[in-house]
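S.K.: One structure follows; several queries about it will come next.
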Amino acid sequence: MSRIGKKPIAIPAKVEVKVGSGNLVEIKGPKGTLVQAVDLDIKVSVEGSNLNVERPTDQKRHKALHGLYRSLLSNMVLGVSEGYKIDLELVGVGYKATSTGSVLELSLGYSHNIFVALPKEVAVKTLTEKGKNPIVTLESIDKQLIGQVAAKIRSLRKVEPYKGKGIRFVNEVVRRKAGKTAAK
């Protein structure tokens, strides 16, 4: 049995869950609304203040879908009630970040600035303090989308292992390599 799939999802007081035709699950909360189409073999039911996900058989496919949809629905419930936040840190001399609306402007040591247009579901804030690295904060109710956007921004200047320069998550530990040693 899937340990994750069997676990019921607790629904907070301000969150409303509807299971529509075609196994379309709609979750509304104080932060917004998310919709997920669930495979027709998987049964989703609301019992009291819990959301349950059940599978019909112990086939390998059903076991995989059971845990997958339980995790997706759990992420949706958490997203519409509390939301998700990712902080990125720009480490490097002269690295800068500014945001205007849903456009993020990054200066990452290239000959030109990079403009990143963000989806409307993702809010962005930048913080630049003297003597500290610039920080880009992303906020959204969709965990998958915010993770994808953070990965895209991070890929613009990957962290290099010698000096540790690049875009990284706040509090991320980067393994450093020793440089060349002098010949004997």
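The values are calculated or read from the model by the stated rules, or taken from the named source; none is laboratory data. What you are looking at is a predicted structure, and each value in this text was computed from that prediction instead of being measured. Note that each Cβ is placed from the backbone with ideal geometry, even for glycine, and that neighbours are counted across all protein chains shown. Just the protein is used for accessible areas: all its heavy atoms, side chains included, with ligands, DNA and RNA removed. Shrake-Rupley method; radii C 1.70, N 1.55, O 1.52, S 1.80 Å.
S.K.: Looking only at the range 126-162, which residues are out of contact with any Ser or Thr (no Cβ under 8 Å at 6 or more places or on another chain) and touching a residue at least 60 places away in the same chain (Cβ under 8 Å)?
M.R.: Within the range 126-162, Ser140, Ile141, Asp142, Lys143, Gln144, Gly147, Ala150, Ile153, Arg154, Arg157, Val159 qualify.
S.K.: Let me ask something else. In this structure, is Leu65 open to solvent by less than 50 Å² (accessible area, probe 1.4 Å), assigned to a helix (DSSP H, G or I) and either over 30 Å from Lys125 (Cα atoms) or among the aromatic types (Phe, Trp, Tyr) (or both)?
M.R.: yes
S.K.: Given the conditions (1) touching a helix residue (DSSP H, G or I) at 6+ places or on another chain (Cβ under 7 Å); (2) open to solvent by 80 Å² or more (accessible area, probe 1.4 Å); (3) over 19 Å from Gly32 (Cα atoms), and given that Val116 satisfies all but one, which numbered condition is not satisfied?
M.R.: Among (1) touching a helix residue (DSSP H, G or I) at 6+ places or on another chain (Cβ under 7 Å); (2) open to solvent by 80 Å² or more (accessible area, probe 1.4 Å); (3) over 19 Å from Gly32 (Cα atoms), the lone unmet condition for Val116 is (2).
S.K.: To continue, here is another question. Of the residues Lys14, Lys18, only one is surrounded by fewer than 15 Cβ atoms within 10 Å (Cβ to Cβ) and in a loop (DSSP other than H, G, I, E, B); which?
M.R.: After ruling out the rest, the residue left standing is Lys14.
S.K.: Quick one: Glu47 ticks every box in (1) more than 30 Å from Pro134 (Cα to Cα); (2) open to solvent by less than 60 Å² (accessible area, probe 1.4 Å) except a single one, so which number is it?
M.R.: Evaluating Glu47 over (1) more than 30 Å from Pro134 (Cα to Cα); (2) open to solvent by less than 60 Å² (accessible area, probe 1.4 Å) leaves (2) as the failure.
S.K.: Restrict the check to the range 142-159 and report whether at least one residue is open to solvent by less than 80 Å² (accessible area, probe 1.4 Å) and in a strand (DSSP E or B).
M.R.: Looking through the range 142-159, none of the residues is open to solvent by less than 80 Å² (accessible area, probe 1.4 Å) and in a strand (DSSP E or B).
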